[in-house]
Structures are given as structure tokens and as C-alpha cells.
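All remarks here apply to the structure that follows.
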Ligand SMILES: Cc1cc2nc3c(=O)[nH]c(=O)nc-3n(C[C@H](O)[C@H](O)[C@H](O)COP(=O)(O)O)c2cc1C
């Protein structure tokens, strides 16, 4: 495919970004995607600072292509995380879940390309104002933590496109070349793909979670825990326990207590399919196999090109 603003910004071949994802995207996945011509992101959200340093070092050894780090800004050791990113010479950072004003200037002074993840037009404008180089606009169908406004990708991308001038990356519900083409028609310059890469050989997710993603059908995920931080989950036993708590009028404190600590790790990394928190997108309904990340990238691009030809005949 042709080069565009996103491939040029990151110096990559294909405008496919593998999302930073807790308990899924370490150096193995990020380097595999980088070597396949996309942009791989290490997900710092589930890493202690020194663990992140290890992953960055291993990623540098595994690829000579650009890669980045995703930093959810709720992170307790944020100063240390950013220090390591700068020390290790990482050239691309995707920030999420926080105010883009806090870190953008400092990162950019250190020569880093900064992208911020948003779920609404309002926050897209704030991110652009903060001076980021590009925006990820993530729709309601996405896996993981999500916006409160429930705006779907189909509506969000053209709405953000109307208001911002910097490069735009679409996320939420994209797992195929056809959906990639669709969001690019709506105004995106590239795509950020999460759930599809969970079901890849290189994801560090537990095999039982990967299999659960493959088995999931339409309607098997739900956005919940809006009072804490809205998150889209597979409807397993833990999810049912949360629903029961809602029915019994649980307070925010009670919900926090029910969530407890390390639920996400327990489910997605340790493989407890009943008690763990299993974050995945609606698009899991369209994921039918676990395969190498490079094949996911190659198939998406192939399907994208085929779909372009089909569309030209309409
Ligand atoms: C298992 C999982 C973990 C995630 N963790 C993070 C994270 O740590 N930081 C972040 O910004 N987004 C996170 N996300 C959201 C993704 O970065 C991405 O935007 C989203 O998955 C895109 O939607 P899709 O799942 O429909 O492809 C996560 C998503 C999943 C499925």
C-alpha cells in the first residue's frame, strides 16, 4: 500500500499499530509486529519500571525497526517509567488514560514522537492542543478500558476527523483488512489493533485466555464497572459477580472491594477464566484462530488491498 502520514511519522511499512495491552504485549509481540512492517508497542501498564527496561532492551535486540511504548498515565511509577523510556532511547510513546498536557512537552523535548489515545472529540481537541503528533480515537467496541460516552468507531472517527488536523489512528473493532479500509474511508490514516493481537502466538496472554477469545461470539462481551474505570470484559463468572453486585445496589467502595487487586493479571496472564478479569473487544466474535503476529499483519494488508479492488467496482 502507499505511504501516508502515519507510515511516514513512524517510518513503518504498513499503517497498522499493534496496541499496547496489559499482560499481552511484551517485547516478543512488539518486535514481531515491527519486523512484519507494522508498529509494535510494548504495554508498560502491567510492568514494573525495571521489567519495562528489560522488555525495551530485548525488543531492541529482536528488531532494528521502530517500536514504541504505551503508557497508561494512571501508572503509580510514572516518573520512573518515563525516565527509563528516555534513557533507553525509545522514539515513540503512546499515552492513554490521563491528561496529555502532563507529559507531552517533556517527551517531545527528548525527541520522542507522542501519540495520545482518546474516546471523544473533546479529548481529541485537548490532545491536539497539548501538541501530540497524532491521535488514536478508540470506539466503544474496543477491548480494555474505554470511554464513558459509548461512541462507536463508526461515529467517532468521522467526528474526530472533522475537528482535528493531525494524523488520526482508528481503534476499536478493527481486526481485518476490510474494517481497516472502512475506517480509512472514514478519515483515519492508520489503525490500532488490540484484540486481534491477543490471539497471536507472541502475545504473553495465557493460552486459556487466547482460546477464550477465539471461542467468544457476538454479544459475549460487555462494558462494565463504569463507576471505577469503564472496561469491556468477557461475560465470565467474575463479570456475573459484578452484575449481581449491581443488582444488589453495590456502592463504589463495594465494587472496588469486589474487583480487588490483580484481577486482570489473574485472568489474562495466569489463566483463571472464572475469577479473573478478561479484557477483550466486541471484535473477538470475528477472531477464529491463534496465529503468528506477522501473519495477522500480512493477512490484513492482503485483505485491505483486495477490498480496495472490490470497492472500486461498486
Ligand atoms: C487485553 C487488553 C489490554 C489492553 N490494555 C491497554 C493498555 O494497557 N493501555 C491502553 O492504552 N490500551 C489498552 N487496551 C486497549 C488497546 O490499546 C486498543 O486501543 C483496543 O484493544 C482496540 O480495540 P480492539 O480490541 O477492538 O482492537 C487494551 C486492550 C485489550 C484487549
Legend entry - Cα radius of gyration and Dmax for the stretch 72-197 (Å): 14.3, 40
Legend entry - Ratio of Rg to Rh over the stretch 205-261 (Cα coordinates, Kirkwood Rh, two decimals): 1.01
Legend entry - For the stretch 156-314, share of DSSP beta bridges that run antiparallel, in % to the nearest 5: 55 percent
Inset, instruction - At 7 Å along the Cα-to-beta-carbon direction for both residue 80 and residue 274, put a label point, then send me their distance in nm to one decimal. - result: 3.5 nm
Legend entry - Most mobile listed residue (211, 18, 128) in the chain, GNM with C-alpha springs under 10 Å: 211
Legend entry - D_trans [Stokes-Einstein, Kirkwood Rh over alpha-carbon pairs] for the stretch 170-314, 20 °C, 1.002 mPa s, µm² s⁻¹: 130 µm²/s
Legend entry - Residue among 126, 235, 256 with the largest mean-square fluctuation in a Gaussian network model of the chain, springs linking Cα atoms under 10 Å: 256
Legend entry - Spin-label model distance (nm) - residue 312 vs residue 288, 7 Å beyond Cα toward Cβ: 2.8 nm
Inset, instruction - Within 10 Å of each residue's Cβ, count the other Cβ atoms and sort 102, 7, 95, 63 from fewest upward. - result: 102, 63, 7, 95
Inset, instruction - Would you please state which residues of the stretch 172-199 a label at residue 162 would reach in this model, taking the label point 7 Å out along Cα→Cβ and a backbone N cut-off of under 16 Å? - result: 186-188
Inset, instruction - Report the semi-axes of the equivalent ellipsoid for the stretch 145-216 in whole Å, largest first, where each axis is √(5λ) for an eigenvalue λ of the Cα gyration tensor. - result: 27, 13, 10
Inset, instruction - Compute log10 of I(q)/I(0) for the stretch 267-314 with the Debye formula, placing one identical point scatterer on every Cα and leaving out solvent, at q = 0.27 Å⁻¹, to two decimals. - result: -1.04
Inset, instruction - Please identify, among 168, 225, 278, the residue showing maximal mean-square fluctuation in a Gaussian network model of the chain using a 10 angstrom Cα cutoff. - result: 225
Inset, instruction - Grab the eigenvalues of the alpha-carbon gyration tensor for the stretch 229-269, scale each by 5, take roots, and send me the semi-axes largest first in whole angstrom. - result: 18, 12, 9
Legend entry - the stretch 188-248: relative contact order in percent, alpha carbon pairs under 8 Å with at least 6 residues between: 18 percent
Inset, instruction - List the extent of the Cα atoms of the stretch 56-142 along each of their three principal axes, largest first, rounded to whole Å. - result: 38, 27, 24
Legend entry - Percent breakdown of C-alpha pair distances by 5 Å bin, ordered from the shortest bin, for the stretch 219-303: 3, 13, 20, 22, 15, 10, 7, 5, 3, 1
Legend entry - D (Stokes-Einstein, µm²/s), Kirkwood Cα radius, the chain, 1.306 mPa s at 10 °C: 82 µm²/s
Legend entry - Convex hull of the stretch 1-113 built on C-alpha atoms - directionally averaged projected area, nm²: 6.5 nm²
Legend entry - For the chain, calculated [θ]222 nm from helices alone, where every DSSP H run of n ≥ 4 adds -39500 (n - 2.57): -12000 deg cm²/dmol
Inset, instruction - Using Cα pairs closer than 8 Å and at least 6 residues apart in sequence, work out the relative contact order for the stretch 43-144, in percent. - result: 22 percent
Inset, instruction - Compute the relative contact order of the chain as a whole-number percentage, counting only Cα pairs closer than 8 Å that sit 6 or more residues apart in sequence. - result: 18 percent
Inset, instruction - May I ask what percent, to the nearest 5, of DSSP beta bridges between residues of the chain are antiparallel? - result: 20 percent
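Every number in this text was worked out from the coordinates using simple rules, so none of it is lab data. Because the structure is a prediction, the values reported are computed rather than measured. Here the Cβ is made from the backbone with ideal geometry for all residues, glycine too, and neighbour counts use every protein chain on show.
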